[in-house]
Each structure stands twice: as structure tokens, then as C-alpha cells.
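Step one of this worksheet: look at the structure below.
We did not get these values from a lab; they are worked out from the coordinates using the rules stated. Keep in mind the model is a prediction, meaning the values are calculated, not measured. Note that each Cβ is placed from the backbone with ideal geometry, even for glycine, and that neighbours are counted across all protein chains shown.
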Amino acid sequence: MAIETIGVQVDGVSKRFSHRVKGEIYAARDVHLDVAPGEFLTLLGPSGCGKTTTLRMIAGFEHPDAGSIRLGGQDVTGLPANQRNMGFVFQNYALFPHLSVFDNVAYGLQVRGQAAAVIAKSVGDVLALVGLSGYEHQFSGQLSGGEQQRVALARAIVIRPRVLLFDEPLSNLDAKLRVQMRTEIRDLQRSLAITTIYVTHDQEEAMAVSDRIAVMSQGSVVQEGTAEDLYYRPASEFVATFVGRVNLVPGTLIERSGDTVTVAALGTTIRAGTAHAAVTGGAAVKLVMRPEVLELVEVGAGDFRADVISCTFLGEKTEYLLRCGDVELQCVRHNAGAVGAIREGSAVGVRVAASAVTVLPEAAR
Amino acid sequence: MALSLGASRWRVFRTVTLPLCIPGLANAFLLLFAASLADFATPLILAGNNFPVLPTQAYLQITGLFDLRGGAALSFMLLVPALGVFLLQRYWVSRRFYVTVTGKGAGQTPFDSISPAVRAALLAACAVVAATILYFYALLLYASLVQALGANHALTLRHYRVIFTEGLRVIRDTLIIAGLAMPLGGLYGILVGYLVARKPFVGRRTMELVSMINYALPGTIVGIAYLIAFNDPPIELTGTALIIIACYVFRYGATGIRATVAMLQQIDKSLEEASQGLGAGSGTTFRRVTLPLILPAFFTGLGVVFIRSMTAISATIFLVSISWTLITVRILENITELSLGPAAAYSVLVVGIVFVVIALIGRGLRWFRAPGAIPVTSMFGG
């Protein structure tokens, strides 16, 4: 089934709510998004960051106080939800409990006044697509969580929406099913080539499904980029700590020349691959080092020496807590075979891959 | 749970069960207090002038002495405690935690919280109450079938002949009024309930409060208020069937409002949003999604309005006229004339009609009930 592919532009959209205690608060503040036709963009952030509000404004369930929303160039800011032709998948599925699976999926087509035969064919096709052929006469109460989410997905795509919107669609499923469903959603989105905006607070889920991720905090988009951009080149401490686990090591910038930056930290000098544009010589900085970029070597080798405070064997990997001076560092090593001789209380050398280290100004929160 | 921690049954009851029941108990106390405060027919028939209470005195003031002002003053004195109880109850209920449908398995482990002896005693107490109630109904039936209860116990259908000949007009009036009030009250309940629960507008809370006050206040007050309000132009309704119907619709439609609000609170807003997102306008959404899900509330509203229209007296005794009167009022007249037989026959008829209508509504509810709709237990009480 071919779906017309268009982009979505969100321009300076804001939404205020009045809060009983805090007064006027911004749920979304001057949000800009540009989603290319066929792209899969994820809004990622902690609860209350404005991601759902932004999505609901795109869907037309909320109306922005400022800014505009365009679909394929057409301004839809004032258009009611039922005229936007978007597919919305809700966190709680929102299946109509009084209708069968068939009638749930057929609902959007019936509202459009399509002929019964056309509806039957479309519903059959889309149920086959999500793997629910034969479920037509069941009711949502009889389905498992994963099946209900598939019905919700089928109901959203059968109307051939111009854009597909997901609001935390997997948060009510168990961990295993979440992984399976996110793969299915991604595959379906690719095969339909439909522009998709997806909201989640789960950074792993966001990295697994998205072409691009927009991280939101306190109503604003704080960084946009691919999963790798966000993970290795976070623009702020917030993004560094929200996306994955991280060591933030205080230091002083010595010099930046070309592609490399040298920082005095951990009693030595550490080289980093990228640095925030705002940092200059002599500035107090934070080094962003992911636990897995710390390589454990013999004492004397590597960039600096550290004491092993604890080590936890977890099968596929071992997690270490190291101390260097008064800085504690998390370190993760994958176990390729028999575990080595590193024990609690012993000393190790630590080598850091410069290309995987980023330098942030001290104040970038 | 507490049992497993080694507490005795009595201790569990005192420290766990009882505190959890206190809101319910307090609510029951308040309800009973409000009902006793408002009751009209019971003290009038059983105590007459020996034990004057505010509602009956207000009635006698108006119908006996034609003193509308005196009656209004008396009923205003009743208004103060009644309103107090209503607001206190609202406060209690609003503080209670509503977790009705959690989606988690609701299996309860039956556990012996009471000893067999206590259980037997409680069962016996309930059985005595139930038997007493059944005995009253049996006595009522018997009284309608004998010449004169307490004097001549020869069986006869005389009383029924009376009510189906000279009483036929009263029966017809009552059925017409109840039959009209039922659908109007049901629709009113659903409409106001939907507005209150779903549409944000200025004065929403006030609207809900006002609609509930109409129900919570003693009927005497409401009756006198209707009488005063519609006695003169611009809206002159006194003496018509319309004033009785309006009183029933607005007074007893409140149950439908409450049922609708309660059901809508359990229906996630995302269902309506899903419908809009799929292209449906708000009219289609209401008709195809919301309405089917709150249909049980509609039937509840229908049932309550019909039952109350057949049985109520406190408010409408002020509103009946030569042209339109009600069975309940006629029963009261029969009692005061000491003709117990026809009164009993009318009562049996009312009980019979109410039973048939409840059964029909129950059947309609099952017929229409959507498979996924929220199960509704009887809301006919109150």
C-alpha cells in the first residue's frame, strides 16, 4: 500500500499550561523540528519534558499558543485533528472496547464513507501486515498487550495517514516484547516509507528505531542528531547523562589544535576527539567518557593509573568501579573469554581512545 | 495479610478492616440522617400529629391552612441541616480514593476474617431483617385481598375493582407522567453528565453541584420551591402535568448524571481522541464511541426516574391538582380516610409495575450491552 510521503515542520511552537502550584509553566517552549519525508524522528526525554505535548500538538489534540505546524508545506496549525489525516498510536492503545478488531480497524475507513467491500479488503490486508489475520472477530479484552498494540498500529495505518505518530507505544509491554515490537515498528515504517514521529523516554528504544533523535528537556529541544551523535558527541551534560551511562571528569583545557584537544585531568593529560565550540584554553571543562571506552591495561601502560574499588561479573560483561585521585570512574569490559586477573583492591593502567572522548564547558548543563 | 503477621481476628478487624470502612460507614450515617430528615410519608402515616416533623408540618401548613409563606419558612428551616449534610457528604466522598478499574487481576483470596460463630450471628441478623421486609410485602398483598384487615378477613377482589374503575384515571395519569419523565430524565442525565465530565466550561462545577442539590434536598423543599416558582407568570405551570414531569426529570435525572460521570471517569479520553484522529468529528465520536460506552448509565437513569415517578410523594404532593394526580397521593388520601384496602391494592399495583419495568430495563441493558463496556452493578438504589 503506497502512502503519500510528506515532511513535517514545527516552527517555534509553544504551549503553556497553568499549574496550581507553579503557576504558568511551559510544556513546550519554542520547539523547532524539521522532519524529512519518510524520516523516522524520535522525541526523547524524561517525563514532563514536553515531548508528548509536542506530539499531541502535531496530531491536533492540543493547540499551540504560538508557532505553526506545517505538513508538506501546508499550514495545519488551526486544522482540527479529524482533518489532518495522521495515524496516532496511543500509549494505552485506546482500542474501542465495544468494537471487534475488525470494526476497530475499519473505523477510520467507515468514517470516510468507503464502500463495505473496499473496507473489508483494506482491513484484511492491514491485519495480515501486522500478523493478526483471523483475529477479526475478537474484542480488545481478549487480546494480549502485544496484540492490542498491533491492532492499534493497524488501525492507524489503514487510513493511509500522511504521518504516523507514536506516543510511548511500547511502555505497557514487557521487556522482551518491547524489543520485538520496536523491530516490527521499524520494519513496517521502512517498508511503508511513512514519515514517523515517535515519543519515548527510553534511550535504547530511541536509538534502536530512529533515523534521528531530538532530545527534549524542560519544554525545549536541547540536541538533535543521530544516535551516535548524541552518544559520543553530546552537546550538554544533560544529554550526556540522559543518553547512556557516562563518566564526567573535571579538567582544564590546555590547548585545542585542529582535530585534537588536550585536557589536564586525572593527574595527567587526556586527548579528546571533539570539543564544544565554546571551550578555549585555560577553561574549566568536563570530559565525557563512556564506561566502555576505558580500556584496562597493565600498570604503567595506558594514560593513567587507577585503583579497582569493585568488580562485578555479569556474564557477557564485567563492570568495574575505579578510582583515580578523588575521581570515581565506571568501566565496562566485554568478556571475550576467561576473565583476567583484575581483582578488587588491585591497581590497573587505563587507556582512553581519544576519538571517543568529548569535552564540554564546565557550565554546559 | 495482617493475619499472617500474627494478629488475632479481632485485632485485624479493629486495626485494618474498620479504619478502611470508616468513609463508607460515615457516608451511610449521613445518608440515613438525610433520608430521615427528609422523609415525608412515613411520619405522616405512622405518627400523624403526635410526632410533628418539619416536612409534614410544612405540608399541613400549606394544604391545610393555605399558608404558603409559613410552609416555605418551615421548609427553609429544613434546608439548613439538609444542605449541611449534603455538603459534608460531598466532602467525604471527594476525599475518597477512587480506584475502580485497575486492569490487574481482581481475584480475592477468601479468608476467614470472622469466626464461624460470629458469621452465624451476622447471617441470622440479616435473615431477620430480610424476613421482616418480606413479611411487610406479604401483609400488603393480604390487606389488598381481604374485606378489611383486622376486622373481616374474607377474601375479595373488591379493592382491585375499586382502583380499576374509579381509580383508573389516577393510574393513567401516573403512567403517563412516569412514561414521559422516564426518557426525558434519562436523556437529561446523559447530557448533563457528559457536559460535566468532558466539556470544560465556566461554571461546570457549579452546574454539577446545583444538579445534585436538586436530588439531595428533601422533597418537601423541592416541591414547595416548584410550587412557588411556577405559580405565577412568566412560567405558569401549577396544575399541569408538566410541572410534575419537570420535577421528576430534574430531581431524579441526577442519578443518571452521576452514573454518566462515574462511567466517563473510567473511560480514557484517548478513546475519543483516537476517534478524532481517525477522521471522525465530535458528533460521530459521541454517537459511535462515547454513547455506546455510557449506555448502561442511560438505562440506570431511565430506571431510577421511572421508579421514582411511580413511588415519590414528598415533592409532588404539592404539585398535584384536580386535573393531574398520582397514585401515591391517592394512597395517602385513602389512608387518611382509613380505607386501607384500596390503599393496599394501589401499593401492590405500583410494586408490580415497578418490578416489570426493572426487569424490562435489565433485559434492555443486557441486549444493548457492548462486550467491552464496563460492567454496571445495580445503581437503582438510593
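Annotations for the structure displayed:
- Shown here for region B:187-282: chymotrypsin sites (Phe, Trp or Tyr not before Pro) in loop regions (DSSP other than H, G, I, E, B) with at most 11 other Cβ atoms within 10 Å, namely B:F201.
- Low-density loop cleavage sites - trypsin sites (Lys or Arg not before Pro) in region A:1-109, where at most 10 other Cβ are within 10 Å (DSSP): A:R20, A:K22
- Rg to Rh, two decimals, where region B:177-261 supplies the alpha carbon set and Rh follows Kirkwood: 1.00
- For chain B, averaging the sequence separation of C-alpha pairs within contact (under 8 Å, six or more residues apart) and dividing by the residue count gives a relative contact order of 22 percent.
- Under 12 Å from a label point set 7 Å out along the Cα-to-Cβ vector of B:A121, no amide N atom of region B:9-31 is found.
- Taking amide H positions as modeled 1.01 Å from N, with prolines and chain starts lacking one, the residues under 5 Å from A:V357 and 5 or more places away or on another chain are A:G273, A:T274.
- Sparse packing (at most 12 other Cβ atoms within 10 Å of the Cβ) combined with a DSSP loop state is found for the following trypsin sites (Lys or Arg not before Pro) in region A:257-358: A:R343.
- Beta-bridge orientation, region A:8-237: approximately 55 percent antiparallel, per DSSP, counting only bridges with both partners inside.
- Overall shape of the protein assembly as shown was characterised from the C-alpha gyration tensor. The equivalent ellipsoid obtained from it has semi-axes of 70, 31, 26 Å, in decreasing order.
- Relative contact order [Cα under 8 Å, 6+ residues apart], region A:245-361, whole percent: 33 percent
- The Cα atoms of chain A define a convex hull whose projected area, averaged across directions, is 22.7 nm².
- Across A:K121/A:K176; A:K51/B:K199; A:K51/A:K176; A:K15/A:K51, pairs whose alpha-carbon gap is larger than 23 Å: A:K121/A:K176; A:K51/B:K199; A:K51/A:K176
- Taking the fewest neighbouring Cβ atoms within 10 Å as the starting point, the ordered list for B:S347, A:S18, B:S282, A:S210 is A:S18, B:S282, B:S347, A:S210.
- Extending 7 Å from Cα along the Cβ direction at B:L168 and again at B:L191 yields two label points whose distance is 3.6 nm.
- Sequence-distant aspartates and glutamates (8 or more away, or on other chains) whose Cα lies within less than 19 Å of B:K269: A:E62, A:D167, A:E168
- For chain B, the longest site-free run once GluC sites (Glu not before Pro) in DSSP loop states with at most 12 other Cβ atoms within 10 Å are removed: B:1-165
- Whole-number percent relative contact order across chain A, with pairs defined as alpha carbons under 8 Å at least 6 apart: 16 percent
- Here A:S133 and B:S339 are evaluated by their C-beta separation; at R0 = 56 Å the FRET efficiency comes out at 0.15.
- With the convex hull of the Cα atoms taken as the outline of chain B, the averaged projected area works out to 24.5 nm².
- For A:R16, the residues whose modelled amide H falls within less than 5 Å of its own, excluding neighbours fewer than 5 places apart on the same chain, are A:A27, A:D65.
- Here the calculated FRET efficiency for A:D229 and A:D259, from their Cβ-Cβ distance with R0 = 25 Å, stands at 0.90, rounded to the nearest 0.05.
- When each of B:I317, B:I322 is scored by the number of other beta-carbon atoms lying within 10 Å, the sequence from fewest to most is B:I322, B:I317.
- Cα pair distances in region A:1-138, grouped into 5 Å bins until the bin that holds the longest one, percent each: 2, 8, 15, 18, 16, 14, 13, 8, 4, 2, 0
- Exposure proxy for B:I267, A:I213, A:I254: other Cβ atoms within 10 Å of each Cβ, ordered fewest to most, give A:I254, B:I267, A:I213.
- Taking the longest Cα principal axis of chain A as reference, the axis of helix A:101-111 is set at about 70 degrees.
- Of all DSSP bridge pairs formed entirely within the protein assembly as shown, close to 75 percent run antiparallel.
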